[in-house]
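Okay, so here's the structure we're looking at.
The values are calculated or read from the model by the stated rules, or taken from the named source; none is laboratory data. Just so it is clear, the structure is predicted and the values come from calculations on it, not from any experiment. Note: ideal-geometry Cβ built from the backbone for every residue, glycine included; neighbour counts use all protein chains shown.
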Amino acid sequence: MLEIRSIQKTFGSQTALDAIDLKIEEGEFFSLLGPSGCGKSTLLRLLAGLESATSGEIYWKGQRIDQLPARLRPFNMVFQKYALFPHLSVAENVAFGLQLKKVALAEIRSRVDEALALVNLQGFEDRKPETLSGGQQQRVALARALVNRPSIVLLDEPLGALDQKLREKMQADLRLLQKRLGLTFIFVTHDQEEAMILSDRIAVMNAGRLEQVATPRELFENPSSLFSARFIGGRNELSGRAIAGGFEMAGRTLEGISRCQELSQRGAGASVCAFVRPEMLRVSGMSEGANALSGRIVQILFRGSKSEVMIETAEGVSLRSMMDPSEASSLRVGSEVALQFAPHDTHLFWAGPQ
């Protein structure tokens, strides 16, 4: 197990990481997810030994390692820009770290062959990086990390430079490889869909702090903070004032479930943000029951397996509904419609100071 205890990192007067406590299990695909500047890459560099923490400790299998130099830690890192040596061949790039460690030549050859086989690059040994595609270069960088047989592989947005189709393929390949090897992967990304696809668990980061650590499903269905709710999943957002069992918006009483202890403490009258996933917003011709609104369709977008319907409510709020294209085919832009969303699909959070 990798254990991070009260890690803090400051740069001058700026706090990059603020008292991070985190446990990552062996064999886990764990993602650090958040916007640019939230501290996720800084945390990865601290684990790699490329930066030193201002305070706090890092343990691997019960042994403190934050005081060890990078070369003595059982980790290897894959960078977004791959950092391949252009004048060296694929095999020479992969072998570079082993040569620095003065590993015997016969073992270097064996381990390089093994690493290249793991990433399906047999036959590329003599090629130079400039002759490879982006996906092939990414595989070389991954092989260079794996050749050292690390306990943990650290990946700093390694798929960020790839086009969408290749990125999707590499996501699948990376996940299969991680499961096959049984290694711990710690993956940095700002792409919430990518984190959802790849991860066993995800840490959502914001301004140097951990907002939530959970499985992809838990994050998607039960965000525990206002930031997580906004960052994960593209939800509809409604604003109002807290009342017993829900909230009031523009004179309408709507029901919902509080996911925020602070909202419960503040009680009635507190500012509320309510979130409803687009898949849970139903569009029909009749308004009835709890959480019913009326609105007008302003746009319908076909997105392959789903259609996205944009509606403006009578209260002036823009909402999205995702539905089967066969259902959307009967709808027309400009039509007046009724909107319905269940109370248990309506998550409430305190919106901040009054």
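Miscellaneous remarks
- For the stretch 244-269, a tally of residues being on the phi < 0 side of the Ramachandran plot, touching a Lys or Arg at 6+ places or on another chain (Cβ under 7 Å) and modelled with pLDDT under 85 returns 0.
- So Leu293, is it at pLDDT 85 or above, touching a Lys or Arg at 6+ places or on another chain (Cβ under 9 Å) and of a type outside the set (Phe, Trp, Tyr): yes
- Applying the criterion of being of a type in the set (Val, Ile, Thr) and within 15 Å of Ile186 (Cβ to Cβ) to the residues of the stretch 53-67, the residue that is surrounded by the fewest Cβ atoms within 10 Å (Cβ to Cβ) is Ile65.
- Residue list for the stretch 314-339, filter: buried (at least 19 other Cβ atoms within 10 Å of the Cβ) and under 24 Å from Ala242 (Cα atoms): Leu319, Leu339
- All conditions but one from (1) in contact with a Pro (Cβ under 7 Å, 6 or more places away or on another chain); (2) surrounded by fewer than 19 Cβ atoms within 10 Å (Cβ to Cβ); (3) touching a residue at least 60 places away in the same chain (Cβ under 8 Å) apply to Pro86; the one that does not is (3).
- Considering residues of the stretch 272-313 that are touching a Pro at 6+ places or on another chain (Cβ under 8 Å) and either in a strand (DSSP E or B) or not assigned by TED's automatic domain parsing to the domain that holds Ser329 (or both) only, the residue surrounded by the most Cβ atoms within 10 Å (Cβ to Cβ): Phe275
- Any chance Leu210 is buried (at least 18 other Cβ atoms within 10 Å of the Cβ) and within 22 Å of Arg175 (Cα to Cα): no
- Counting only strands (runs of 3 or more DSSP E) that sit completely within the stretch 182-265, those holding 2 or more residues that are closer than 27 Å to Lys81 by Cβ correspond to 184-189, 201-206.
- Residue check, Thr42 closer than 28 Å to Ala195 by Cβ and part of a helix (DSSP H, G or I): yes
- The criterion of being within 20 Å of Ala145 (Cβ to Cβ), assigned by TED's automatic domain parsing to the domain that holds Glu114 and modelled with pLDDT of 90 or more does not hold for Ala19.
- Condition check for Leu50: part of a strand (DSSP E or B), surrounded by fewer than 21 Cβ atoms within 10 Å (Cβ to Cβ) and assigned by TED's automatic domain parsing to the domain that holds Met205: no
- Single match in Leu116, Leu98, Leu33, Leu46 (criterion: out of contact with any helix residue (DSSP H, G or I) (no Cβ under 9 Å at 6 or more places or on another chain) and either at negative phi or charged (D, E, K, R) (or both)): Leu46
- Any hit, the stretch 160-170, residues being among the acidic types (Asp, Glu), within 27 Å of Gln99 (Cβ to Cβ), assigned by TED's automatic domain parsing to the domain that holds Pro86 and touching a residue at least 24 places away in the same chain (Cβ under 8 Å): no
- In the set Leu319, Leu348, only one residue is of a type in the set (A, V, I, L, M), in contact with a Lys or Arg (Cβ under 7 Å, 6 or more places away or on another chain), in contact (Cβ under 8 Å) with a residue 12 or more places away in the chain and not in a loop (DSSP other than H, G, I, E, B); that residue is Leu348.
- Every residue from the stretch 1-29 that is closer than 21 Å to Phe187 by Cβ, touching a residue at least 24 places away in the same chain (Cβ under 8 Å) and not in a loop (DSSP other than H, G, I, E, B): Leu2, Glu3, Ile4, Ile7, Lys9, Ala16, Leu17, Ile20, Asp21, Leu22, Ile24, Phe29
- The set of residues from the stretch 78-118 being part of a loop (DSSP other than H, G, I, E, B) and either in contact with an Asp or Glu (Cβ under 7 Å, 6 or more places away or on another chain) or not assigned by TED's automatic domain parsing to the domain that holds Thr184 (or both) comprises Phe79, Gln80, Pro86, Ser89.
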